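One structure is given here, and the rest of the page talks about it.
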Amino acid sequence: MIIKELSVDDAKQLVQLMEDVEASSPYMLMEAGERTLTVEGAEAIINRDNITVIGAEDEERLIGYTLVIKETVRKKKHCASIVVGVHKDYRGMGVGVQLLQAVLAWANHQAIMRIELTVVSENEAALALYKKIGFEVEGVKRRSLLMDGEYYDEYYMGKLF
């Protein structure tokens, strides 16, 4: 597996991976077909000054991604938030761990002192992954999401350096 910062050359694969992840995971914020991301849109995301996209690829394709969004206001420039997605065929195989380790290394070079995320409280696999890397639950967004007619809480999680 190769972990790397994505470039515009990876935009088409990123679009496909995001679509695949959203179609196979009920815990992603956007549902299957809800995102209308084009290759040009992915290129724009990759080129944004405050976003870094780190990807994991096997011999054939992109299998996981992490969007790292740096805050832009002065008082929060030491913070970043992340979104993680791993293709269903590669979940539970260490892809998420390697992506998050790459994010932590990137953060050290960027003077980032805090990384944060939200996760559905029922997403036990993601919670275990984030806790393994050192994230802590800092709060609860009660009834934050409505999925299949039921409300779900989200946890605010953060990691300090």
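The values are calculated or read from the model by the stated rules, or taken from the named source; none is laboratory data. If you're wondering where the values come from, they're calculated on a predicted model, not measured in any experiment. Positions of Cβ are generated from backbone atoms using ideal geometry, with glycine treated the same way; all protein chains shown enter the neighbour counts. For accessibility, only protein heavy atoms count, side chains too; no ligands or nucleic acids. Shrake-Rupley method; radii C 1.70, N 1.55, O 1.52, S 1.80 Å.
Find the residue count for segment 1-47, including only residues that are open to solvent by 90 Å² or more (accessible area, probe 1.4 Å) and under 14 Å from Val83 (Cβ atoms).
The number of residues fulfilling the criteria is 1.
Just to be sure I understand the filter: pairs with C-beta atoms under 7 Å, separated by 6 or more residues or on different chains, first member in segment 80-107 and within 15 Å of Ile51 (Cβ to Cβ), second member open to solvent by 30 Å² or more (accessible area, probe 1.4 Å) and among the charged types (D, E, K, R). Which pairs pass?
Close Cβ pairs satisfying both conditions: Ala80/Lys70; Ala80/Glu71; Ser81/Glu116.
Can you list the strands (runs of 3 or more DSSP E) found entirely within segment 51-161 that contain at least 1 residues being open to solvent by less than 80 Å² (accessible area, probe 1.4 Å), touching a His at 6+ places or on another chain (Cβ under 9 Å) and more than 24 Å from Gly41 (Cα to Cα)?
Per the criteria, 114-120.
Here are some residues: Lys12, Lys70, Lys76. Which one is among the basic types (Lys, Arg) and touching a helix residue (DSSP H, G or I) at 6+ places or on another chain (Cβ under 6 Å)?
So the residue among Lys12, Lys70, Lys76 that is among the basic types (Lys, Arg) and touching a helix residue (DSSP H, G or I) at 6+ places or on another chain (Cβ under 6 Å) is Lys12.
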